[in-house]
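Before any comments, here is the structure.
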């Protein structure tokens with residue numbers, strides 16, 4: 001079993017979890033192929049983490065299965081936007097940690 005962790009990536013954990021649930025339990029080669037055609041920003045990021053987890057274990061993508069793909073909330077960047085009458089509004093820019101674990105697929 002091997003794993004890869006990407007920390008403090010600028011993607012919302014809520015949006016990234018939708019993609020992570022799609023690939024969980026899939027063959028790594030099939031997951032990478034399906035993520036390539038998804039239009040989401042999180043799909044490109046998660047595919048890179050899956051490729052890194054496969055490479056960390058010296059595996060080939062066709063012989064491993066994604067055991068878990070977890071997206072955790074990280075710190076939130078807080079920014080300000082000026083508004084009427086000298087006030088300001090907060091802009092929250094969420095970040096997330098992405099953890100992918102792959103293991104050899106038993107035939």
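The values are calculated or read from the model by the stated rules, or taken from the named source; none is laboratory data. These numbers were taken from a predicted model, which means no experiment stands behind them. Glycine also receives a Cβ, built like all others from the backbone with ideal geometry; neighbour counts cover every protein chain displayed.
Summary of values
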{"quantity": "Scan of segment 41-67 for residues that are surrounded by 15 or more Cβ atoms within 10 Å (Cβ to Cβ) and part of a loop (DSSP other than H, G, I, E, B), ordered by number", "calculated": "57, 59"}
{"quantity": "Residue in segment 68-84 that is part of a helix (DSSP H, G or I) and either at pLDDT 95 or above or under 13 Å from the mean Cα position of the chain (by Cα) (or both) present", "calculated": "yes"}
{"quantity": "Hits in segment 13-44 (condition: in contact (Cβ under 8 Å) with a residue 40 or more places away in the chain, in contact with a helix residue (DSSP H, G or I) (Cβ under 7 Å, 6 or more places away or on another chain) and under 25 Å from residue 94 (Cβ atoms))", "calculated": "16, 20, 23"}
